[in-house]
Amino acid sequence: EEEKSVLSLSARSRSGNTSSRSGNMSSGSESLERIWSATNSSSIHFWDLTQPSTWDGEEGESGGSNSYRERRHSSFVASTSPFSIKQSSLSKSMGKGKPVIPLQRTPSLTLVGVPPIVKHEILNDRQRILTEDASGTICMWNVLTGRVDKCFNTEEVAATLAKADEGKEAEDKKGGATECGPGRGDVEAKEGKNDQRFEKFFACINPKVTASSWFSADKRLGKLSIHMESKQCFSAEVYAVDLGMEEVGDDLKFNMGQQVLCSLFSKWEQANQSGRDGETGA
C-alpha cells in the first residue's frame, strides 16, 4: 500500500514476464510476484508478493486463512486517477462492492533517495544559491565550485532569525528601517505556505553587494540546474580577493562565467588530444 501517488510500476509475473507502465496495473490471468514502484517521493519501493500478506485486519475482513491466496490473484491497484479515487470513495461510502484490501502494507525493500530541493534563491553576489529540500534542510551552494559550502542546522537558522527580530524591534523603536528587510523570496513564497522560515533566513543572509546576472537556476528535477546563456554568461566579474585568493593584486579581476567554463572543460583538451593520438597510432 503506497502512501503517495504512484508514478511508475515495474512488475514481474509468475511466468517471468516483466512489464513497466504507469497508472493502473492488473495482474490479469497471471499472478504478480515482484513489483518496483516509484512515487512522487525520492525513494523507490520493492514489493515481494510471494511473502505472506502483512494485512493486519480482523479475520472477518481478511477472509480467514485463505484470504492471502484469494487476494494474491486479485488486481494490484495503483491508480492515481482522480476519477478512480472518487469512484472508490463513493463505493465505500454507499456500501457498494467490497473494500480494496492491500496485498502488502509495507514494502519489502526501500531504496532511500535524497530529499528533493523544493526552494531556491540566488544571492545578490551571484556566486551562491540558498536551497531548502523536502526534509527542511537549508544549504548554501557555491556556483563556482558546484559544491555545498555549508548546511545550516535548525539552531543556526533560529538564532539568525531571532537576532533579526531583535534588530527589527530596535529599529522600529528608532523609526528606522530594519537591517534584515524583505527579500525576493518573500514575494515569491508559494501560496498556502505559512512557514516563511526559508524566505526570512534568505533575506537576512543575502548580501547588499550586487553583481550582474550571468546564469539562471531551476529545481525542476529536484536538484539544482544551472543554465548559462552566451549573451550574459560573461557579463559578471569579481575581484580575486573577494574569492578568497591570497597574495594577489587588489585590482585583479576574474570573469565568473569564464572561470566556470574553464573548470568544466579543463580536462577536455587533454582527453581530446589523447583520442587523436590513439587514432593516429591505429
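Rule-based calculations on the coordinates, nothing more; no lab input. This structure is a prediction, so every number in the text was calculated from the model and none was measured. Backbone-built Cβ (ideal geometry, glycine too); neighbour counts: all protein chains shown.
Here are some notes:
- If R0 is taken as 35 Å, the Cβ-Cβ distance between Ser43 and Ser230 corresponds to a FRET efficiency of 0.35.
- FRET efficiency, Arg34 to Lys173 (Cβ-Cβ, R0 45 Å, nearest 0.05): 0.10
- For Asn124 and Ser8, a Förster radius of 41 Å and the Cβ-Cβ distance give a FRET efficiency of 0.55, rounded to the nearest 0.05.
- Gap separating the Cα centres of segment 209-275 and segment 107-121, nearest whole Å: 29 Å
- 19 Å reach of a label modelled at Thr110, 7 Å along Cα-to-Cβ, counting backbone N of segment 116-144: 116-117, 133-137
- Net charge of the neighbourhood of Thr210, taken over other residues with C-beta under 9 Å away and scored Lys/Arg +1, Asp/Glu -1, is +1.
- Peptides ranked, highest mean first, by Cβ atoms within 10 Å: ranges 36-48, 150-162, 118-130, 251-263: 118-130, 36-48, 251-263, 150-162
- Potential extension, Asp250-Asn142 segment - 0.36 nm per residue separation minus Cα distance: 36.6 nm
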